[in-house]
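S.K.: This is the structure I have questions about; it appears just below.
The values are calculated or read from the model by the stated rules, or taken from the named source; none is laboratory data. Treat the numbers as computed from the prediction; the structure is a model and nothing was measured. Because the Cβ atoms are built from the backbone with ideal geometry, glycine has one as well, and the counts that use them run over all protein chains shown. Note: areas computed on protein heavy atoms with side chains; ligands, DNA, RNA excluded. Shrake-Rupley method; radii C 1.70, N 1.55, O 1.52, S 1.80 Å.
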Amino acid sequence: MIPISKPILGEEEEAAVLEVLRSGILTKGKKVEEFENSFAEFVGCRYGVATTSGTMALILALLASGIKEGDEIITTPFSFIATANSCLCIHSRPVFVDIEEDSFNIDPSKIEEKITPRTKAIIVVHLFGKPCQMTKILKICQKNKLILIEDACQAHGAKFGGRLVGSFGTGCFSFYATKNMTTGEGGMITTDSSVLADKIRLLRNHGEENQYYSSFLGYNFRLTDIQATIGIEQLKKLNKFNRIRRENAWYLSRQLGKIRGIVLPEVRADLGHVFHQFTIRVTNEFPVSRNQLLNILQESEIDAKIYYPLPIHRQELYRKLGYRDSLPVVEKTVGEVLSLPIHPQVTRNDLDKIILVIKRAATGKV
Ligand SMILES: *Cc1c(COP(=O)(O)O)cnc(C)c1O
């Protein structure tokens, strides 16, 4: 099976983990700090605060920004559910804005109509590694005095206008095993604000300003040094990983060329896309349905996947909460999308096999 994702862990990670184990300092040590500093520097921010997951990065970013019960947060319905759930976890209300058909990201032209006096923040998601339209989004945030949070959990190293994502607003990253770089589980918040960074550090550690003296409610959401040391090594390799992802995406694009009923993602170098996923759309002009193509690929031992089969506002959880939005673009999109393996361990041979299977399906003789 050609998997849809597979982490690359080498001798460097092994040696680094052994070093931490032998040091006996498994958590609250120097490796976490080193990882935070190098990641912040990479993103182009002053501060990085490591945490246990991307989900926790989002929750801590919201809490530290002063988001409270009943506040509204504008976001996209087309993401991993953690994006919107982070709002529910702190009793605020995600408000969904439809997406752009070509980029799969939040449609900036539809944001302002959803802003109310209760709106406090926007969480944009750079989905599949493609940056959102940050110039337009920054303008909307400034005009309406909204806090900007970036869910960059799929976009480590992605750039908009030469600037890395996660540096426009409060950046939230995940290092889950399937992401462009990993620590197994893990997350990071990036910011230029020392006030915000300090607040997040306190929330992460029981609100302890001094050990065993707490002035407000906090939690334990600390990353361990074992994970941090893996992150330090992964970060050194991230640009190379992303380069291979891009090369694989370009190769797939060139070879798939113009097939009726297949809409390819844009692959221009200046898009700053890091191809967490290579997601095509299979329209009804293709001779077989999207689900049939998925089955054909699966039967050929290609682990293509549907990210995501159901928009967040249509999930049972959200239906029970009273969400009844009608968002036509995302509702059509979920029936068409199909992600193909392009991670750095996918070989040229693997890509050729994927291309062959899709081209054969395109003839309709299956
Ligand atoms: C992975 C992911 C998250 C959550 O990260 P975890 O580390 O799994 O908690 C949030 N948002 C998006 C878009 C993601 O892809």
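S.K.: Restricting attention to region 43-63, does a residue exist that is within 17 Å of the chain's Cα centre (by Cα), of a type in the set (Phe, Trp, Tyr) and crowded, with 16+ Cβ neighbours inside 10 Å?
M.R.: Within region 43-63, not a single residue is within 17 Å of the chain's Cα centre (by Cα), of a type in the set (Phe, Trp, Tyr) and crowded, with 16+ Cβ neighbours inside 10 Å.
S.K.: Taking into account only those residues within region 253-282 that are assigned to a loop (DSSP other than H, G, I, E, B) and more than 25 Å from the chain's Cα centre (by Cα), which is surrounded by the fewest Cβ atoms within 10 Å (Cβ to Cβ)?
M.R.: Result: Lys258.
S.K.: For region 157-209, give me the residue count where each residue is open to solvent by less than 10 Å² (accessible area, probe 1.4 Å), away from the ligand (no atom under 15 Å from the Cβ) and on the phi > 0 side of the Ramachandran plot.
M.R.: Of the residues in region 157-209, 1 are open to solvent by less than 10 Å² (accessible area, probe 1.4 Å), away from the ligand (no atom under 15 Å from the Cβ) and on the phi > 0 side of the Ramachandran plot.
S.K.: Identify, from the list Thr135, Thr119, the residue that is hydroxyl-bearing (Ser, Thr, Tyr), in contact with a Leu (Cβ under 8 Å, 6 or more places away or on another chain) and at pLDDT 95 or above.
M.R.: Thr119
S.K.: Can you pull out the residues in region 217-252 that are of a type in the set (S, T, N, Q) and crowded, with 17+ Cβ neighbours inside 10 Å?
M.R.: Thr224, Gln227, Thr229, Gln234, Asn242, Asn248
S.K.: Answer yes or no: is there a residue in region 110-130 that is within 18 Å of the chain's Cα centre (by Cα), free of Cβ contacts under 8 Å to residues at least 60 places away in the same chain, part of a loop (DSSP other than H, G, I, E, B) and more than 15 Å from the ligand (Cβ to nearest atom).
M.R.: No, region 110-130 contains no residue that is within 18 Å of the chain's Cα centre (by Cα), free of Cβ contacts under 8 Å to residues at least 60 places away in the same chain, part of a loop (DSSP other than H, G, I, E, B) and more than 15 Å from the ligand (Cβ to nearest atom).
S.K.: Consider Leu293 carefully, then state whether it is without any contact (Cβ under 8 Å) to a residue 60 or more places away in the chain, open to solvent by less than 10 Å² (accessible area, probe 1.4 Å), of a type outside the set (S, T, N, Q) and within 20 Å of Pro265 (Cα to Cα). Write out each step before concluding.
M.R.: Values: without any contact (Cβ under 8 Å) to a residue 60 or more places away in the chain: no; open to solvent by less than 10 Å² (accessible area, probe 1.4 Å): yes; of a type outside the set (S, T, N, Q): yes; within 20 Å of Pro265 (Cα to Cα): yes.
So Leu293 does not fit the description; no.
S.K.: Right, something else. Restricted to region 296-325, and to residues that are among the aromatic types (Phe, Trp, Tyr) and under 19 Å from the mean Cα position of the chain (by Cα), which residue is least open to solvent (accessible area, probe 1.4 Å)?
M.R.: Of region 296-325, the ones among the aromatic types (Phe, Trp, Tyr) are 307-308, 318, 323.
With the extra rule that they be under 19 Å from the mean Cα position of the chain (by Cα), the set shrinks to 307-308.
On the way: Tyr307: 52, Tyr308: 35 Å².
Top of the filtered list is Tyr308.
S.K.: Out of the residues in region 326-366 that are within 18 Å of Glu299 (Cβ to Cβ) and among the acidic types (Asp, Glu), which is least open to solvent (accessible area, probe 1.4 Å)?
M.R.: Among those residues, the one meeting the criterion is Asp350.
S.K.: Hey, another quick one. For region 133-156, give me each residue that is away from the ligand (no atom under 15 Å from the Cβ) and open to solvent by less than 40 Å² (accessible area, probe 1.4 Å).
M.R.: Met134, Ile137, Ile140, Cys141, Leu146, Leu148
S.K.: May I ask you to say which residue of Gln211, Gln234, Gln227 is farther than 30 Å from Phe275 by Cα and among the polar types (S, T, N, Q)?
M.R.: From the options Gln211, Gln234, Gln227, the qualifying one is Gln211.
S.K.: Same structure, new question: For region 209-242, enumerate the residues that are at pLDDT below 95 and of a type in the set (D, E, K, R).
M.R.: Residue satisfying the conditions is Glu209 alone.
S.K.: Taking region 47-64, which residues are of a type outside the set (Val, Ile, Thr) and in contact with a Ser or Thr (Cβ under 7 Å, 6 or more places away or on another chain)?
M.R.: Within region 47-64, Tyr47, Gly48, Ser53, Gly54, Ala57, Leu58, Leu60, Ala61, Leu62 meet the criteria.
S.K.: Also: Residues to consider are Gly218, Gly207; find the one that is touching a Phe, Trp or Tyr at 6+ places or on another chain (Cβ under 7 Å) and more than 23 Å from Glu41 (Cα to Cα).
M.R.: Going through Gly218, Gly207 in turn, the sole match is Gly207.
S.K.: Still on this structure: Name, by its number, the condition in (1) within 16 Å of the ligand (Cβ to nearest atom); (2) β-branched (Val, Ile, Thr); (3) more than 17 Å from the chain's Cα centre (by Cα) that does not hold for Thr27.
M.R.: Condition not satisfied by Thr27: (1).
Matching residues to (1) away from the ligand (no atom under 14 Å from the Cβ); (2) part of a loop (DSSP other than H, G, I, E, B); (3) surrounded by fewer than 22 Cβ atoms within 10 Å (Cβ to Cβ):
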{"residue": "Gly66", "(1), (2), (3)": "yes, yes, yes"}
{"residue": "Gly70", "(1), (2), (3)": "yes, yes, yes"}
{"residue": "Phe78", "(1), (2), (3)": "no, yes, no"}
{"residue": "Ala84", "(1), (2), (3)": "no, no, no"}
{"residue": "Leu88", "(1), (2), (3)": "no, no, yes"}
{"residue": "His91", "(1), (2), (3)": "yes, yes, yes"}
{"residue": "Ser103", "(1), (2), (3)": "yes, yes, yes"}
